[in-house]
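Taking it in order: structure first as structure tokens, then the write-up.
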Amino acid sequence: MKDIMETIKSDASLSTLATMLENANLVERLKGSGPYTLFAPNNDAFIRMNIGKTVLDPKNLSDTLTYHLVAGKHPFKEIHEMISGKLETETGKYLTVEMDEGEMVVDNGKFVTTDIECSNGIIHIIDNVFQPQLSGWYREDL
């Protein structure tokens, strides 16, 4: 079974993420033992979010991508059971799990593909690039 980084590199819809992870020096972390849950923005998410300035600063890029990473293995079913809950990311900030028009979202990201098993965790492909500076902005209880 491939690790998280190998899995990302083998999926054409995640090619932008693979490049960004390399630029942010996060490759070795995603090859490590984990386990991790990665909310992986697809190529369309990067185009739509236009994060050009973030990409230019390696620290901002690393912080942004680390905000997509949660310690532990969290399958879709487990996340679905925590509606109106939160997941602590590797940055120490929280992702919010909510229902939006009958569809579960994590920090305003919709699930495209779920439960991609890896040797060191699990990947959920999403349609949004999470912004750590906006963590919890739409939640009154955070």
Quiz item: Can you give the helix-only mean residue ellipticity at 222 nm for the chain, where every DSSP H stretch with n ≥ 4 adds -39500 (n - 2.57) and the sum goes over all residues, rounded to the nearest 500 deg cm²/dmol?
Solution: -8000 deg cm²/dmol
Quiz item: Can you list the lysines whose alpha carbon sits under 26 Å from that of Lys77, skipping same-chain ones fewer than 8 residues off?
Solution: Lys2, Lys9, Lys31, Lys86, Lys93, Lys110
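Computing the accessible area with a 1.4 Å probe over protein heavy atoms, can you report the carbon and sulfur percentage for the chain?
On the way: 3500 of 7130 Å².
Heavy-atom surface of the chain belonging to carbon and sulfur, 1.4 Å probe: 49 percent.
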Quiz item: When the Cα centres of region 78-107 and region 24-51 are compared, how far apart do they sit, in Å?
Solution: 17
Self-check item: Phe130, Phe111, ranked by accessible area, largest first (probe 1.4 Å)
Solution: Phe111, Phe130
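Rank-order 119-126, 91-98 by packing density, defined as the average count of other C-beta atoms within 10 Å over each peptide's residues, highest first. Could the numbers behind the result be given before it?
Working: 119-126: 21.5, 91-98: 18.0.
Sorting 119-126, 91-98 by mean packing, highest first, produces 119-126, 91-98.
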Quiz item: Sorted by accessible area with a 1.4 angstrom probe, largest first, how do Met20, Met82 fall?
Solution: Met82, Met20
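If the viscosity is 1.306 mPa s and the temperature 10 °C, what translational diffusion coefficient in µm²/s does Stokes-Einstein give for region 59-124 when Rh comes from Kirkwood over Cα pairs? Walk me through the numbers before you get to the answer.
Details: Rh = 12.5 Å.
The diffusion coefficient I find is 127 µm²/s.
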Quiz prompt | Sites matching GluC sites (Glu not before Pro) across region 59-93 that sit in DSSP coil, with at most 15 neighbouring C-beta atoms within 10 Å | solution = Glu81
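What does the charge dipole of the chain about its Cα centre add up to, to the nearest 20 debye, if the Cβ of each Lys and Arg holds +1 and the Cβ of each Asp and Glu holds -1?
400
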Self-check item: Value of D in µm² per second that Stokes-Einstein yields for the chain, Kirkwood Rh from Cα pairs, at 37 °C (0.692 mPa s)
Solution: 220
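The values are calculated or read from the model by the stated rules, or taken from the named source; none is laboratory data. Note that this is a predicted model, so its numbers are computed, not measured. Virtual Cβ from ideal backbone geometry, glycine too; neighbours counted across all protein chains shown. Heavy atoms of the whole protein, side chains included, go into the accessibility calculation; ligands, DNA and RNA do not. Shrake-Rupley method; radii C 1.70, N 1.55, O 1.52, S 1.80 Å.
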